[in-house]
Amino acid sequence: MSESKLPRVGIVGCGAIGSHVARAIDCGEIKAVVSGLCDMDSAAAEKLSCSLKTAPASTSVEDLVASSEIIIECAAGSAVEKLAELCAARGVTLVVMSVGGLKPEHFALFENSPAVLHIPSGAVAGVDGILACAGGQVTSISLTTRKPPQGLKGAAALDEMGVSLDGLTEPLVVFEGPPSEAIKKFPKNINVSTTLALASGAGDSMTVRIVADPAIDTNIHEVRLESPYVNLFVKLENRPSPDNPKTSALAFMSAVAALKKLTSKVRIGT
């Protein structure tokens with residue numbers, strides 16, 4: 001397929017996830033073209049652009065949406081609102097990694113637009129099975145996330161609670177509650193909880209636990225779901241991204257897989 005016929009993908013956020021997505025497109029792993037880059041830190045966008053063969057332009061979010069067929073958000077929850085409005089208005093597919101930034105009104109926007117909102121599985125597995133279970137009745141669902149203290153440091157919620165993770169010698173539960181509160185308190189660490197709550201239809205009846213564990217060097221997610229038809233248990237031990245200890249490597253791998261699925265004629269999985 002000639003480059004002129006390939007889908008044009010705009011990347012918002014040039015950190016660990018955005019950079020991996022850009023390189024996957026640049027090397028041909030994803031059959032698309034990077035239409036442009038956007039980051040609050042223009043230097044980060046310029047640096048990424050210079051590392052790519054195609055050297056895509058660093059541009060504004062408005063211009064990026066106008067020149068793209070697909071936008072992938074790899075920035076932060078605060079970027080989602082504007083992107084949702086722009087993409088829904090222009091009929092541009094939006095892939096959201098910071099799913100905790102989505103609000104009910106954003107879903108309504110896309111339901112009334114030719115645009116498509118796509119939420120990748122991110123750093124968790126079993127979402128296809130959970131989606132299937134949601135068609136029946138989910139009796140209960142919970143997520144327990146364990147992270148090395150370094151992966152949780154800097155969360156404003158810890159300062160508010162007066163909790164220090166320095167010198168931690170045993171596991172410490174730093175949060176237990178519904179996903180809506182989890183994402184407010186740990187917006188950079190627990191987007192998977194929102195994905196699971198949406199996929200299961202459980203909303204805030206789901207229980208989320210976040211544990212700082214000095215004995216581990218992986219990000220561990222344990223998902224338990226019960227229904228009249230299926231009991232599901234998924235455990236992942238994710239290596240942190242080498243570029244960002246707060247992000248599992250599986251998150252950027254999921255972003256790449258989501259774009260490969262969106263740009264392919266062959267689609268595997270629910």
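Bear in mind that the values in this text are calculations on the coordinates, not laboratory data. Bear in mind that the values here come from a model prediction, so they are computed numbers and not experimental data. Heads up, the Cβs are rebuilt from the backbone with ideal geometry, glycines too, and the neighbour counts pull from every protein chain shown.
The packing ranking, built from the mean of other Cβ atoms within 10 Å per residue, places the peptides 180-192, 131-143 in the order 180-192, 131-143, highest first. Computed over region 51-132, the quotient of the alpha carbon radius of gyration and 2.2 N^0.38 Å is 1.17.
Would you mind getting me the FRET efficiency between Ser51 and Leu6? Use the beta-carbon distance for r and R0 = 25 Å, nearest 0.05.
Values: r = 20 Å, r/R0 = 0.80.
That gives a FRET efficiency of 0.80.
Using 0.36 nm per residue and subtracting the Cα-Cα separation, the extra length available between Ile268 and Arg224 on full extension is 13.5 nm. Couplings 3J(HN,Hα) of region 241-258, computed from phi: 4, x, 8, 7, x, 7, 10, 6, 4, 4, 5, 6, 5, 5, 4, 5, 4, 5 Hz, in residue order, whole Hz [Karplus 6.51 cos²θ - 1.76 cosθ + 1.60, θ = phi - 60°; x for Gly and Pro].
Dividing the Cα radius of gyration of region 127-238 by its Kirkwood radius returns 1.00 for Rg/Rh. Neighbours of Asn112, meaning other residues whose beta-carbon lies under 14 angstrom from its beta-carbon, give a summed charge of -2 when Lys and Arg score +1 and Asp and Glu score -1. The antiparallel fraction among DSSP beta bridges confined to the chain stands at about 50%. Extension gain for Gln137 to Asp159 (0.36 nm times residue separation, less C-alpha to C-alpha distance): 4.1 nm.
Pairs of lysines in region 127-238 whose Cα atoms sit within less than 19 Å of one another amount to 7, provided the residues are eight or more positions apart or on different chains.
Quick check for me: using +1 on Lys/Arg Cβ and -1 on Asp/Glu Cβ, what's the dipole size of the chain about its Cα centre, in debye to the nearest 20? The calculation lands at about 720 debye.
Summed over qualifying helices (DSSP H, 4 residues or more, each -39500 (n - 2.57)) and divided by its residue number, the chain shows a 222 nm mean residue ellipticity of -10000 deg cm²/dmol. The Cα atoms of region 79-188 cover 52, 34, 19 Å along the three principal axes, with the biggest extent listed first. Between Leu131, Ala157, Gly101, the Cα set farthest toward the positive side of the dipole of region 96-174 (charges on each charged residue's Cβ, about the Cα centre) is that of Leu131. Each principal axis of the Cα cloud of the chain was taken in turn, and the coordinate range along them, longest first, works out to 53, 45, 30 Å.
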